[in-house]
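So the structure is just underneath, and the comments pick up after that.
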Amino acid sequence: MITSWVDLFVIYWLTMIYMNGDSPLDGLIAAILASPFVAMVAASIFAIIPLILKWVLIGHYPVGDRPLFSSFVWRGELVDVFVEQLAVPSFVRHALGSPLFNVYQRLMGVKIGRGAWVESWWLPEFDLVNIGERATINRGTVLQTHLFQDRVMSMERVYVHDGATLGPNSFILPGSSICERSTVGPGSLVLRQEVIPPDGYWAGNPAQRVNEQELVHHG
């Protein structure tokens, strides 16, 4: 439902441009030429709305526990809806892996180091995500910062340190830390509060260290 607002915004303004043309052909040409600018304006507006809502409704996401039926949890869910229904289809999906996406995530509260490659928007509680310099977050990766248990939402920080890599569709749970220059393979799961040591390759569900001989054999 919310996603359709983006389409309606673009269609409305392109229709107005078309109707203000001196002739149908002039209006059509003007609408075609204006369409990239209208789309960029729409993307900017629909990226800014969730950004404002996040800081107004939540502020900084804290480490700690919150009852499931508290206003904090529902405010967070509302922010998630606007991010996924407005910002993702209009802006985020097209900006993944770019410096512009990193800037947007920093504005949302994510700590991202210089030269980091971030190609996933699954960073639930923004302020609890820490991504180091030259780290790589591949597409489909989830940096999970909360879990629900016994009707309590527990939030912890996650760390991907300098030069570390998370493979596509990997999943790291709250409190976990990927140390410098380590790699977590595609589709792997890093358990809650687990620390992946530096300079290694880890893979599997749950993730386990893979030695050099195994890497050569499977390669």
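The values are calculated or read from the model by the stated rules, or taken from the named source; none is laboratory data. Only a predicted model underlies this, so the values are computations on that prediction, with no experimental measurement involved. Because the Cβ atoms are built from the backbone with ideal geometry, glycine has one as well, and the counts that use them run over all protein chains shown.
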Those residues of region 97-137 which are closer than 19 Å to residue 184 by Cβ and under 11 Å from the mean Cα position of the chain (by Cα), in sequence order: 97, 110, 118, 119, 120, 121, 122, 123, 124, 129, 137
Conditions first: (1) among the basic types (Lys, Arg); (2) without any contact (Cβ under 8 Å) to a residue 24 or more places away in the chain; (3) part of a loop (DSSP other than H, G, I, E, B). Residue 106 passes all but one, so which condition is the exception? (3)
Considering only residues that are among the polar types (S, T, N, Q) and either closer than 22 Å to residue 175 by Cβ or in contact with a Gly (Cβ under 7 Å, 6 or more places away or on another chain) (or both), which ones fall in region 58-83? 70
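Inspect all residues belonging to region 61-80 and state whether any of them is over 27 Å from residue 150 (Cα atoms) and touching a helix residue (DSSP H, G or I) at 6+ places or on another chain (Cβ under 6 Å).
No, region 61-80 has no match at all.
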Scope region 118-158; condition in contact with a Lys or Arg (Cβ under 9 Å, 6 or more places away or on another chain) and among the β-branched types (Val, Ile, Thr); matching residues: 129, 131, 145, 152
With respect to residue 53, determine if the residue is loosely packed, with under 13 Cβ neighbours inside 10 Å and either touching a residue at least 12 places away in the same chain (Cβ under 8 Å) or not β-branched (Val, Ile, Thr) (or both). no
Given the options 115, 175, 187, 109, name the one that is on the phi > 0 side of the Ramachandran plot and touching a helix residue (DSSP H, G or I) at 6+ places or on another chain (Cβ under 6 Å). 109
Identify all residues within region 149-175 that are at pLDDT 95 or above and part of a strand (DSSP E or B); write none if there are none. 152, 153, 154, 155, 158, 159, 160, 165, 166, 171, 172
Give 109, 185 a once-over and let me know the one that is over 30 Å from residue 67 (Cβ atoms) and either loosely packed, with under 14 Cβ neighbours inside 10 Å or of a type outside the set (A, V, I, L, M) (or both). 185
Qualifying positions in region 150-174 - closer than 21 Å to residue 134 by Cα and either of a type in the set (Ser, Thr, Tyr) or over 18 Å from the mean Cα position of the chain (by Cα) (or both): 159, 162, 163, 165, 170
Residues 181, 134, 139: which one is touching a Gly at 6+ places or on another chain (Cβ under 7 Å), under 21 Å from residue 204 (Cβ atoms), assigned to a loop (DSSP other than H, G, I, E, B) and not polar (S, T, N, Q)? 181
